[in-house]
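The values are calculated or read from the model by the stated rules, or taken from the named source; none is laboratory data. Being a predicted model, the structure only gives us computed values, none of them experimental. Counting neighbours? That spans all protein chains shown, and the Cβs are built from the backbone with ideal geometry, glycine included.
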Amino acid sequence: MIISATTDYREAARRRLPPFLFHYIDGGAYAEHTLRHNVSDLSDVALRQRVLCDVADIDLSVTLFGRSLGMPVVLAPVGLTGMYARRGEVQAARAAAARQVPFTLSTVSVCAIDEVQRQSSAPIWFQLYVLKDRGFMRDALERAQAAGVETLVFTVDMPVPGARYRDAHSGMSGPNAAWRRMLQAVTHPRWAWDVGIHGRPHDLGNISAYRGAATGLADYIGWLGANFDPSISWRDLQWIRDTWKGSIVIKGILDVEDAREAVRFGAQGIVVSNHGGRQLDGVLSSARALPAIADAVKGQVSILADSGIRSGLDVVRMLALGADAAMLGRAFIYALAADGQAGVANLLELFDREMRVAMALTGVRTIAGIDSTIIAR
Ligand SMILES: Cc1cc2nc3c(=O)[nH]c(=O)nc-3n(C[C@H](O)[C@H](O)[C@H](O)COP(=O)(O)O)c2cc1C
């Protein structure tokens with residue numbers, strides 16, 4: 001078992017959430033090999049212990065896309081976050097704001113972008129999927145721009161949805177899913193009271209704002225499933241480059257050639273990611289893919305990385321492998337599901353402390369000082 005700041009929150013989330021939601025968060029594609037390797041490859045990265053380096057003043061701050069952040073961490077886009085905690089997107093964004101780190105709102109969030117913007121002071125990034133309905137994409141870009149979003153995260157590793165068999169077993173999908181979800185909700189009264197009753201509406205805020213009609217979980221699965229666009233290519237994205245005024249971060253890069261293509265496209269950032277092992281099982285873990293990508297494009301584009309980060313120590317490992325900043329997915333979602341805003345705030349505090357210890361014992365004082373020389377070969 002891997003002991004990390006997220007282990008306890010994961011267990012608490014398992015107890016609190018109806019199983020269909022817990023497994024939706026926790027699961028990955030097919031046999032979940034990549035999901036497991038994301039975590040184990042990262043935790044296998046050994047660091048060089050250095051001593052007597054005067055590490056009295058450790059500074060975690062960084063500048064990313066012209067903004068100063070309290071630590072090199074961004075909360076990743078996670079769909080349906082408002083189903084894991086009451087108005088979950090707002091709670092997570094508030095915890096992010098307190099730490100001066102960005103919160104990324106998923107296309108398929110429960111809270112719409114203006115609700116999150118109104119109710120928190122976090123720097124909000126907006127994540128967009130490539131969807132067949134280009135009208136929706138244009139509308140979402142306009143709403144994000146109007147809400148003051150400066151950074152667009154464009155997720156490109158979902159031309160088709162991955163096959164996640166846990167969802168069929170858990171009641172998220174499959175036969176009698178609606179009945180099974182109902183039964184699970186009533187047998188998890190804390191969640192039912194907090195989110196099921198008081199966390200309404202359970203819309204997909206950004207999508208219902210566009211379609212002008214309430215949407216729910218069934219619509220989410222139906223609309224999204226029908227709307228992923230497998231025909232998309234780099235050329236088709238030019239209009240986004242021309243439309244969006246701020247920074248563009250391409251999320252879902254795992255190959256050196258694609259990283260170079262993102263630079264040619266004019267992206268300001270990439271996220272080295274396999275979607276937390278939720279898309280193609282059997283692809284490389286982010287930890288293994290990252291060093292070659294960093295060799296190819298470091299300095300030309302900001303490199304973020306996610307998939308498998310479970311502690312502040314893991315953040316330092318990702319930076320040592322070549323990332324400029326890390327994105328947290330399940331780590332913050334487990335904390336949110338377990339204890340709402342306070343859980344995410346505490347998780348970020350623990351990450352902060354773990355990063356400081358890792359930096360002190362590898363002899364670095366600044367984030368810029370973390371590079372491959374701190375890895376033990
Ligand atoms: C429940 C869940 C929902 C997700 N929804 C989205 C999404 O809507 N958009 C997106 O770009 N990535 C989504 N992701 C992927 C995350 O942004 C991130 O890449 C991934 O969680 C990183 O892996 P980790 O959770 O192992 O750290 C989702 C991940 C999870 C676990």
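The set of residues in region 62-82 being crowded, with 24+ Cβ neighbours inside 10 Å and over 22 Å from ARG310 (Cβ atoms) consists of GLY82 alone.
Between GLY322, GLY282, the distinction of being away from the ligand (no atom under 13 Å from the Cβ), of a type outside the set (S, T, N, Q), part of a loop (DSSP other than H, G, I, E, B) and touching a Pro at 6+ places or on another chain (Cβ under 8 Å) belongs to GLY322 only. Whether a residue is farther than 22 Å from HIS275 by Cβ, under 20 Å from the mean Cα position of the chain (by Cα) and of a type in the set (S, T, N, Q) was assessed, and THR34 does not pass this test. Inclusion of ILE232 among residues that are at pLDDT 90 or above, among the β-branched types (Val, Ile, Thr), under 24 Å from SER286 (Cβ atoms) and not in a helix (DSSP H, G or I) is not warranted. Residue pairs whose Cβ atoms lie under 7 Å apart, sitting 6 or more positions apart in sequence or on different chains, and linking a residue in region 300-311 that is over 17 Å from VAL62 (Cα atoms) and more than 10 Å from the ligand (Cβ to nearest atom) to a partner that is assigned to a loop (DSSP other than H, G, I, E, B) and of a type in the set (S, T, N, Q), are SER311/SER4. When each of VAL74, VAL51, VAL62 is tested for being more than 12 Å from the ligand (Cβ to nearest atom) and in contact with a Pro (Cβ under 6 Å, 6 or more places away or on another chain), the lone residue that passes is VAL62. Close contacts from region 101-123, counting a first residue that is more than 23 Å from SER61 (Cα to Cα) and a second that is within 12 Å of the ligand (Cβ to nearest atom) and hydrophobic (A, V, I, L, M, F, W, C), with Cβ to Cβ under 6 Å and a gap of 6+ residues or different chains, come to SER106/VAL78; THR107/LEU128; VAL108/LEU204; ILE113/LEU105; VAL116/LEU105. When ASP54, ASP59, ASP26, ASP41 are checked against the criterion of being farther than 27 Å from HIS169 by Cβ, in contact with a helix residue (DSSP H, G or I) (Cβ under 9 Å, 6 or more places away or on another chain) and not basic (Lys, Arg), ASP59 stands alone in meeting it. Of all residues in region 196-211, those being assigned to a helix (DSSP H, G or I), farther than 16 Å from VAL186 by Cα and hydrophobic (A, V, I, L, M, F, W, C) number 2. Screening region 1-17 for residues that are within 12 Å of the ligand (Cβ to nearest atom) and part of a helix (DSSP H, G or I) and picking the one that is modelled with the lowest pLDDT gives THR6. Of the set (1) more than 16 Å from the ligand (Cβ to nearest atom); (2) buried (at least 24 other Cβ atoms within 10 Å of the Cβ); (3) part of a loop (DSSP other than H, G, I, E, B), all apply to ALA85 but (1).
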